[in-house]
Amino acid sequence: MLARQSLVRAASRAAVAPGAAPTGARNMATLREIELRLKSSMKMIASTKLAKAQRAMNAGKEYGLANAEVFEHASDKAGANKLFIVVSSDKGLCGGIHSSVSKATRRALANDVESPLENDKSVDPASPIAVIGDKSKNQLVRTYGSNFSMTFNQIGRDIPTFADAAAVADLITKSGVKYDSVVLVYNKFVSAISYAPAAMVVQGEEALKESGTCSRLDAFKAYENEDDATKDLAEFSLANAIYAALVEGHACEQSARRNAMDNASKNATDMIASLQMQYNRGRQAAITNELVDIITGASAL
Amino acid sequence: MSAAWRSIFTYNKFAQITARAVRQSLKEEQRIAAEKRGLTAVRYQQWESGQGGAQVVLSEELAAKSS
């Protein structure tokens, strides 16, 4: 990368030396330098952010797994009211992150074959939707705007905190939206260069109360929890799940942004190479023309 | 007999309030590290039949309520 920068600088110096170079050559060379430097510094920033985000994601995933344990034996009523929470963010320049989540939500609501809810195809297309992140909000508002119950933004600028997730869960519970279960649509981190949309289902309070009736273990009922504690657990596990999804989505976004910047710098260098060819050809043509003028002029004397 | 706070706010709010109390009681060094984990700048909008309401900054709303 540094070698290429000095090459560009050398090329620009060589271009400026003969006075017959076309105008704007010097500007073009320095612009190229600036472009290269911008792209590579953005790439470095994205890489450090990615490492941090990945660490947070690994820590946050434990919350999600602990959550899943609780619901393993909860009853799974098909056709229950579902509240969809779409997890994305406000910033762009990250490839297809936001559209992947928006499209997955659309497929789920349309009970498409490729819906992220693999087993459950009985989704009501008028299900309430809550969106975290302006980008997905703008993508979904035209087709599913009437389903929107709440939208959130300003999450994901830095690594999402549990306070963010708790605030979202609190607002959703307070808003009085009726649901039996919550489906969180987010991007799952597959690897540093790929992600895939996925859905996490969080059962509501009712399902927790009834859990154990249809499985071999009378697990939850054995605790003889008071209703209050069950409600608390349902609310807390919603916050947990939102946190796990937020953190994983954030890690996916950082990696996608780094990859997008990578591709952009690669395309920029390709473009620079072809422009350089064109520029050299133009310069040589100009020099040739001047030489011809001089020679014809000299022969006239 | 259920606790008095249940009728006022949700469990998540309760957890956040207690967490804030714990964070403020820590020693200086740990407190600074912990405060970062409690930051949230969430803004939200209520939606009615395809129309979004005003965007409300949650922390400002809370400050207004308590003042």
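The values are calculated or read from the model by the stated rules, or taken from the named source; none is laboratory data. Keep in mind that this is a model prediction, so the values were computed, not measured. Here the Cβ is made from the backbone with ideal geometry for all residues, glycine too, and neighbour counts use every protein chain on show. The accessibility values were calculated without ligands, DNA or RNA, using every heavy atom of the protein model including side chains. Shrake-Rupley method; radii C 1.70, N 1.55, O 1.52, S 1.80 Å.
Quote the total accessible area buried by chains B and A together, excluding ligands, DNA and RNA, probe 1.4 Å, nearest 100 Å².
The B and A chains share an interface burying roughly 2300 Å².
Tell me the accessible surface of A:Asp164 in square angstrom (1.4 angstrom probe, heavy atoms of protein chains only), to the nearest ten. Ignoring ligands and nucleic acids, A:Asp164 comes out at about 10 Å². Take the Cα of A:Leu275, go 7 Å toward its beta carbon, and the backbone nitrogen atoms of the stretch A:33-48 under 11 Å from that spot belong to A:33-36.
How large is the translational diffusion coefficient of the stretch A:31-143 in µm² per second when you combine the Kirkwood radius over alpha carbon pairs with Stokes-Einstein at 4 °C and 1.567 mPa s? Walk me through the numbers before you get to the answer.
Values: Rh = 17.1 Å.
Here the translational diffusion coefficient equals 76 µm²/s.
Taking 7 Å steps out from each Cα toward its Cβ at A:Thr143 and B:Ala34 produces label points 4.6 nm apart. For chain B, the longest principal axis of the alpha carbon atoms and the long axis of helix B:11-24 meet at an angle near 40°. With every protein chain in place and a 1.4 angstrom probe, the accessible-area ranking of B:Trp5, B:Trp47, largest first, reads B:Trp5, B:Trp47.
Please compute the per residue accessible area over the protein assembly as shown with all protein chains in place, 1.4 Å probe, rounded to a whole number of Å².
54
Per-residue mean of foreign Cβ neighbours for B:48-56 is 3 (Cβ atoms of other chains, 10 Å radius).
Which number comes out as Rg/Rh for the protein assembly as shown once both Rg and the Kirkwood Rh are worked out on C-alpha atoms? It would help to have the intermediate numbers written out before the result.
Details: Rg = 28.3 Å, Rh = 24.0 Å.
Radius of gyration over Kirkwood radius for the protein assembly as shown works out to 1.18.
Determine the relative contact order of the stretch A:107-148: mean sequence separation of Cα pairs under 8 Å and six or more apart, normalised by residue count, in whole percent.
On the way: 31 pairs, mean separation 13.0, N = 42.
Relative contact order for the stretch A:107-148 comes out at 31 percent.
Surface calculation, 1.4 Å probe, protein heavy atoms: A:Ile45 sits at approximately 100 Å² accessible. With R₀ set to 30 Å, the beta-carbon distance separating B:Ser66 from A:Lys91 gives a calculated FRET efficiency near 0.45. Scalar couplings 3J(HN,Hα) for the stretch A:230-243, obtained by applying the Karplus form with A = 6.51, B = -1.76, C = 1.60 to θ = phi - 60°, are 5, 5, 4, 5, 4, 5, 5, 5, 5, 4, 4, 5, 4, 4 Hz; x denotes Gly and Pro. Between A:Asp228 and A:Glu62, the modelled label-to-label distance comes to 3.0 nm, taking each label 7 Å out from Cα in the direction of the beta carbon.
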